[in-house]
Amino acid sequence: MTEYHVPVLLAECLEALNLQDGKIYVDATFGGGGHSQKILESGKDLKLFGVDQDPDSIEQSKVLTEKYPDNFVMIKENFANIRTGLALERIKKVDGILFDLGVSSHQINDPSRGFSFRGDGDLNMRMDQTSELTAADVVNTYSFEQLARIFREYGEEKEAARIANNIILERSKKEIKTTLQLSTIIENCIISKKSIKAKARIFQALRIYINKEMEALKSALNDSIKILNPGGKIVVISYHSLEDRIVKNIFKYEEKSCICPPEFPLCVCDKVSTLKIITRKPVVPTLNEIGNNPRARSAKLRIAQKREEI
Ligand SMILES: C[S@@+](CC[C@H](N)C(=O)[O-])C[C@H]1O[C@@H](n2cnc3c(N)ncnc32)[C@H](O)[C@@H]1O
């Protein structure tokens, strides 16, 4: 297999997953198969299910399916439907789940996918190319308010209104079809030393919105917790604060054994603690890893363990 995707925080993920013979694991974001490959190379007689919604990843996975026919199965599915995808493979419970969120190097490096403002390609940004809405649809048809909200909410962009305004102006002259057009529009309304970061934030915001990333993550984390066997780990690498906040908050909520208001003298809720948080603070890559793999720069790893059944 061409190893074009260097797995981020690999040693930390493998240690957290605690790979064992006879156990079942899920790589919920197969991507270029970097983590999956290493899990399968561990030499353990385990079962690994790879999940990805991108047809290119499904293609990539074929090498592993051929090499490890008894140990590896690939599922083309949005991880929001992880439970159904596994149920179709007759799997109800698993012993470890890994999420390495965001886009793969393959997706970002292929200009035709429209994820990057550095190359030129169609303003597409769909991870699942069978889904309907593209970034071009959003940029050309959404109102000023809708665009500004997407840029603020998912890009945390301070100049959201100014950029949305410029998009509305430019699209009235000519349809915005390419990443280069959008990139130039952003560049023209932001002072130059801030424009690269603004482009990164606007492209990120559109990608998150198009792929419903936040909704999918919440639903996938909640389902993952349900299908984990006691003692099993959920291991999540995120790359921006919005994702990390969702992971942190879901882990915190699931760890609580009571959600009654503090002024209640007695606990009246039926809340049960389902998780134990292993990483109070997120694990981040070493400077050495970042030097070897700049993509790891913003990675944050959080790990939680399913509690024993009560
Ligand atoms: C950062 S890459 C994973 C890289 C992988 N760990 C490796 O080492 O090669 C993230 C992958 O997750 C996939 N992905 C993102 N959101 C998804 C979702 N909601 N459902 C399924 N796959 C998703 C993307 O298509 C992408 O291939």
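The values are calculated or read from the model by the stated rules, or taken from the named source; none is laboratory data. Predicted model only: the values in this text are computed from it and were never measured. Every residue, glycine as well, gets a Cβ built from its backbone with ideal geometry; the counts of neighbours run over all protein chains shown.
Among 113, 118, 171, which is surrounded by 22 or more Cβ atoms within 10 Å (Cβ to Cβ), outside the structural domain of residue 57 (by TED's automatic domain parsing) and either more than 22 Å from the chain's Cα centre (by Cα) or modelled with pLDDT under 95 (or both)?
Step by step, each of 113, 118, 171 is checked, and only 113 is surrounded by 22 or more Cβ atoms within 10 Å (Cβ to Cβ), outside the structural domain of residue 57 (by TED's automatic domain parsing) and either more than 22 Å from the chain's Cα centre (by Cα) or modelled with pLDDT under 95 (or both).
Is it true that some residue in region 121-141 is touching a Phe, Trp or Tyr at 6+ places or on another chain (Cβ under 6 Å), of a type outside the set (A, V, I, L, M) and crowded, with 16+ Cβ neighbours inside 10 Å?
no
Filter region 25-39 for residues that are touching a strand residue (DSSP E or B) at 6+ places or on another chain (Cβ under 6 Å) and not in a loop (DSSP other than H, G, I, E, B); which is farthest from the ligand (Cβ to nearest atom)?
Applying the filter and picking the extreme gives 25.
Yes or no: residue 118 basic (Lys, Arg) and within 12 Å of the ligand (Cβ to nearest atom)?
Considered against the rule, which asks whether it is basic (Lys, Arg) and within 12 Å of the ligand (Cβ to nearest atom), residue 118 comes out as no.
Check every one of the helices (runs of 4 or more DSSP H) wholly within region 201-295 and list those with 3 or more residues that are of a type in the set (A, V, I, L, M). Lay out the reasoning, then the answer.
Values: elements: 213-227, 241-255, 287-292.
Of the helices (runs of 4 or more DSSP H) lying wholly inside region 201-295, those with at least 3 residues that are of a type in the set (A, V, I, L, M) span 213-227, 241-255.
Which of the residues belonging to region 292-310 are modelled with pLDDT of 95 or more and farther than 18 Å from residue 236 by Cα?
none
Only one residue in 76, 62, 92, 67 is within 17 Å of the chain's Cα centre (by Cα), farther than 18 Å from residue 235 by Cβ and surrounded by fewer than 18 Cβ atoms within 10 Å (Cβ to Cβ), so which one is that?
76
Can you name the number of the only condition in (1) farther than 18 Å from residue 296 by Cα; (2) more than 8 Å from the ligand (Cβ to nearest atom) that residue 11 fails?
In the conditions (1) farther than 18 Å from residue 296 by Cα; (2) more than 8 Å from the ligand (Cβ to nearest atom), residue 11 misses (1) alone.
If we only count strands (runs of 3 or more DSSP E) wholly inside region 47-106, which ones have 2 or more residues that are more than 9 Å from the ligand (Cβ to nearest atom) and under 18 Å from residue 225 (Cα atoms)?
Result: 47-52, 94-100.
In region 283-310, which residues are aliphatic (A, V, I, L, M) and closer than 30 Å to residue 272 by Cβ?
If the condition is that a residue be aliphatic (A, V, I, L, M) and closer than 30 Å to residue 272 by Cβ, then 283, 301, 303, 304, 310 are the ones that fit.
Residue-by-condition table, conditions (1) within 16 Å of the ligand (Cβ to nearest atom); (2) outside the structural domain of residue 84 (by TED's automatic domain parsing); (3) out of contact with any Pro (no Cβ under 7 Å at 6 or more places or on another chain):
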{"residue": "204", "(1), (2), (3)": "yes, yes, yes"}
{"residue": "217", "(1), (2), (3)": "yes, no, yes"}
{"residue": "243", "(1), (2), (3)": "yes, no, yes"}
{"residue": "253", "(1), (2), (3)": "no, no, yes"}
{"residue": "271", "(1), (2), (3)": "no, no, yes"}
{"residue": "278", "(1), (2), (3)": "no, no, yes"}
{"residue": "285", "(1), (2), (3)": "yes, no, yes"}
{"residue": "298", "(1), (2), (3)": "yes, no, yes"}
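Among the numbered criteria (1) touching a strand residue (DSSP E or B) at 6+ places or on another chain (Cβ under 9 Å); (2) closer than 30 Å to residue 113 by Cβ; (3) in contact (Cβ under 8 Å) with a residue 40 or more places away in the chain, which one does residue 65 miss?
(3)
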